[in-house]
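Below: one structure, written as structure tokens.
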Amino acid sequence: MPHKSKLETVASLPNVVIILVSLWFAWRLWSLSRRGLALRTVAVVVLGDIGRSPRVMYHAQSFAENGFLTYVIGYGGSKPIPSLERQSKVQIRHLSELPKFWAVLPFILYGPIKNPPTIPTLAVIWLVGKITGSKVIIDWHNLGYSILALRLGNEHPFVKIAIWFEATFGRTAYVHLFVTDTMKDYLEQKWSLQGYKLVLHDRPPHHFHRSSSQEIHEVRDQLFFRLKPFLTLQTSLHDFLPESSIPYSTPFTHTVSERQPTSAVSSTAGSAARRNSIEYRAKISPTNPPLSVTALYPEVQLPSRRPDRPALLVTSTSWTPDEDFGILLEAMQIYEMRARELSGTCRKVGDTKEEPSRTASLPKLLVIITGKGPLREKYMNDVTKVQEKWEWVRCVSLWLEAEDYPTLLGSADLGVSLHSSSSALDLPMKVVDMFGCGLPVCALDFACLHELVKDGLNGRVFKTSSQLAEQLENLLTGFPETPRLNDLRASLLRTSKRRSTPSHAQRQSLDIDDQEWRWGTWDENWNLLVKPLIISNLNHGHG
């Protein structure tokens, strides 16, 4: 028998482990979904936290709304979106975690199983499809091997195995769905995919929307109430947010009496002194008994945005190597310095009793980062250290449940995406969510970003921290009156009214940078592209 080289031995070990885990996973999957199988039955599988997999949850909901008994199979942890839990045709089945002894195995065995999740999922789905005669649909949201390559390098033998695995078991699906035109063209050419091939761009669910002042006031009371224990522990926010008193005011909205003189609440950027006056704070933060409240609020108007509120910037991250949080950290530092400079200029002008220029001011900036991931602790420790000396910027990190996330996005002023794509073929779902809430985005540039973010139309595109800082200054200057930011938001509103999404063939006939590209919800997009193919297959009597 010929002697095996060390490399061959090393490469064979993961294959053995993959086979063993695949058999275990196949048994678990089959045992969870074998009951009640029927013609209109679908199993949506993700080797990850179901509640942190929005595209998986949207697929499941779309199948259920079209009459399919839908099993959602994956790991527990985060709470799924409420609309999915309310679906009578949806059954969520949680996979048990891998046996604990896997976690203590050497990296040479354990690493390929955890990252990427396409191992062993594709092989298991392929096997179950063969056994049951079911049709397999693969949603190519990204390439698993490219995520592994971030950690090990493109030439590592494990990455080579992952490429072979993904191509072999992914090639023969009944339907291939792609998140970008770029990914579809790339995989068609590289792996000669068989079956139907459709581009299904990410789109937000129908309940995502831009919040009105009244919605912000009402919903923020609820959201901030739930987050109060967390925010109380954030000492950096104690003197940063304006004073508030629910239900009369929140840190971002307030109600003002019609009988109050307008001069008491000026909306100009240079009126900070008047907005912080005792008279104004008495109006927005009553602390006296109800009698004084009656005197201050004889005729309470609908809620409006506070002129002294900080600008709210939101970003969502998985805290992984393909999202460089250092870019945002550096941009916040630059913004802090610029805000100090411009604040000094404004005060100097004020000393001459001249009205400060609105274009020479920047607002305080509250940055909220949502998400969980391995690098969170490292970067937030860095933030905590540097922001001790900041006056104009505060940054906090938190995890929101599915029902709170669109509430936060709909209330924010600007979004940031740091997604760079391990494969350069996928698009950030976070940007789709932000657009669905009417929130303009500053996004880190990469190869196919132009399919989603149109620079200067619905957002801005940056490559460096200094460019991001410059865009923040440009968009937030004169806050809360921000004409450039308003233009981006108005463009999102116009495109959201085009309720259809063109097919891949139709998009190819359009200029990729066409400013009149159309936008729709997830439901409209799915029903236009996926539903006809699925229903057609059922009508022809296929299982």
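The values are calculated or read from the model by the stated rules, or taken from the named source; none is laboratory data. Note that the coordinates shown come from a computational prediction; the quantities given were computed from them, not determined experimentally. Every residue, glycine as well, gets a Cβ built from its backbone with ideal geometry; the counts of neighbours run over all protein chains shown. For the accessible areas, the whole protein counts, side chains as well, though only heavy atoms, and no ligand, DNA or RNA atoms are used. Shrake-Rupley method; radii C 1.70, N 1.55, O 1.52, S 1.80 Å.
Data overview
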read-out	value
Total residues in segment 308-348, condition of a type in the set (G, A, S) and touching a helix residue (DSSP H, G or I) at 6+ places or on another chain (Cβ under 7 Å)	3
Options G410, G344; residue that is on the phi < 0 side of the Ramachandran plot and at pLDDT 85 or above	G410
Helices (runs of 4 or more DSSP H) enclosed by segment 118-199 - at least 2 residues per element that are in contact (Cβ under 8 Å) with a residue 40 or more places away in the chain and aromatic (F, W, Y)	157-170
Test: residue in segment 51-70 that is buried (at least 18 other Cβ atoms within 10 Å of the Cβ), at pLDDT below 85 and out of contact with any Leu (no Cβ under 7 Å at 6 or more places or on another chain)	yes
Identity of the residue in segment 453-490, over 20 Å from K364 (Cβ atoms) and basic (K, R), that ends up surrounded by the fewest Cβ atoms within 10 Å (Cβ to Cβ)	K463
Qualifying positions in segment 128-172 - more than 21 Å from H201 (Cα to Cα) and of a type in the set (A, V, I, L, M)	V128, I131, L148, A149, L150, L152, V159, I161, A162, I163, A167
Residues of segment 429-474 satisfying the condition of being within 29 Å of S213 (Cβ to Cβ), among the polar types (S, T, N, Q) and in a loop (DSSP other than H, G, I, E, B)	N458
Among the residues listed as P80, P99, the single one being modelled with pLDDT under 60 and either farther than 17 Å from L69 by Cβ or surrounded by 19 or more Cβ atoms within 10 Å (Cβ to Cβ) (or both)	P99
Criterion (of a type outside the set (G, A, S), modelled with pLDDT under 90 and crowded, with 18+ Cβ neighbours inside 10 Å) met by exactly one of P229, P204	P204
Condition broken by M380, with the remaining ones in (1) crowded, with 18+ Cβ neighbours inside 10 Å; (2) touching a Cys at 6+ places or on another chain (Cβ under 9 Å) satisfied	(1)
Residue count, segment 304-323 (criterion: open to solvent by 10 Å² or more (accessible area, probe 1.4 Å), part of a strand (DSSP E or B) and at pLDDT 85 or above)	1
Scope segment 349-377; condition open to solvent by 50 Å² or more (accessible area, probe 1.4 Å) and either closer than 30 Å to P54 by Cβ or modelled with pLDDT of 90 or more (or both); matching residues	K364, K372, P374, L375, R376, E377
